[in-house]
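Have a look at the structure below before the remarks.
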Amino acid sequence: MRILLAALALSLALPIAACSPGGSEATSAATIPLTIDMAGKTHRFDVEVARTEAEQELGLMNRTSLPKNGGMLFPFPRPKIASFWMKNTLIPLDMIFVRADGSIDRIAENTIPESLEPVASGGEVAAVLELAGGTAAELGIDESAKVGWKDKK
């Protein structure tokens, strides 16, 4: 009986620890390479991929930092109007809304941490790329750029 209770207590404690503030920052999630090409320059990033609905709901919540060339990609099964918010997101982000052909629909720069105000694409997009706030301005990335990646599911 004690073993069963200990196993139950451990199974209940693990998901809570994984979702606690800072807990998601310690993850060693696999990343994929992603490039942004613009004006003859290529910027390379290693991004986490939020494939499932649960991963997309959690996103970058509770993180206190991102690696310089890190971020998170939110691919969709089919293009759609995308809308995100910053609830429980502790750092400013640049949200890059990417069309199916890799062109950029819109860039929302330095979104406000913990804001409940929706941040939406301008049209249908196939993915959203989140980078550390200020990255687009620092690298000179604008809507003329192309975003590319190969997802190794």
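Here, each number is a calculation from the coordinates, and none is a lab measurement. Source: prediction; values computed, not measured. Counting neighbours? That spans all protein chains shown, and the Cβs are built from the backbone with ideal geometry, glycine included.
With unit charges on the beta carbon (Lys/Arg positive, Asp/Glu negative), name the residue among THR135, VAL98, PHE45 whose Cα is farthest towards the positive pole of the charge dipole of region 31-149. Checked the options; the winner is PHE45. Between the beta carbons of THR64 and GLU138, assuming R0 = 25 Å, the FRET efficiency works out to 0.80 to the nearest 0.05. If the label point is 7 Å along Cα→Cβ of GLU117, which residues in region 84-107 have backbone nitrogen under 12 Å from it? Only 86 pass the distance filter. Rg/Rh for region 79-130 stands at 0.98; both radii use Cα atoms, and Rh follows the Kirkwood definition.
Shape call for region 28-149 from the C-alpha gyration tensor, a ≥ b ≥ c root eigenvalues: rounded (a/c under 1.5), prolate (a/b greater than b/c) or oblate? Rounded is the answer for region 28-149, as its axis ratio a/c remains below 1.5.
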